[in-house]
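Everything on this sheet refers to the single structure shown next.
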Amino acid sequence: MTNTNKNLFYLSDLPDYQVAENYSDVRGWNVKDASDRIIGKVDHLLVNKATERVVYLDVEVDDALIEEGHDTYHTPASEGVHEFLNKEGENHLIIPIGMASIDEETKSVKSNQIKSSTFAKAKRFRKGETIDFDFELNAMRHLKGDTTIHSSNAVEDFMIEKSLSILFIMVC
């Protein structure tokens, strides 16, 4: 991933920003898939400074999910979305905020649209790496299972499904 055209920032790296008063700070909360399986914990919140919104959850993936292993690239690229080759030490992935819901009672985040097998096969990254637009596009293609998503048909904030946005930030 490159540092060009950086539009995502870790909330913890922006001292003038914080989670808005009426919203939950989900960092440290478990993340569950569509079957209620814990796939990891929210480690960071990724912010789009232009919209002043959290747009992704940076999730540290549970070791058990990584250890399950899978046959990377077992589906030919000609057949559409396929798995990624993850390297040693890459144990974080992003979830668009629009694909998540929060449960205040259990202090967990759930993605009803994504199964653990999809998370297991998702492209991961090392903690703290810069997330560029190409990584965002590839993540969205994989998580939605839609190869037609590309930069020419993506609007600036296509990662946010506005009706489900759950976290906002504000300048202190």
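Every number here is computed from the coordinates shown, using simple stated rules; none is lab data. Predicted model only: the values in this text are computed from it and were never measured. Using ideal geometry, Cβ is built from the backbone for each residue, glycine included, and neighbour counts are taken over all protein chains shown.
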(message) Could you give each residue of region 107-115 its phi-based ³J(HN,Hα) in whole Hz, using Karplus coefficients 6.51, -1.76, 1.60 with θ = phi - 60°, and x for Gly or Pro?
(response) 6, 9, 10, 10, 10, 5, 8, 10, 8
(request) Name the residues whose placed amide hydrogens come within less than 5 Å of the amide hydrogen of W29, ignoring near sequence neighbours (fewer than 5 apart) on the same chain. (result) V42
(message) Need one number: nm distance between label points at E21 and T51, each 7 Å from Cα along Cα→Cβ, rounded to one decimal.
(response) 2.5 nm
(request) Which order do the peptides 51-60, 113-122 take when ranked by the mean count of other beta-carbon atoms within 10 Å per residue, highest first? (result) 51-60, 113-122
(message) I need the phi-derived Karplus couplings for region 124-130: 6.51 cos²θ - 1.76 cosθ + 1.60, θ = phi - 60°, integer Hz, Gly and Pro marked x.
(response) 10, 9, 7, 3, x, 5, 6
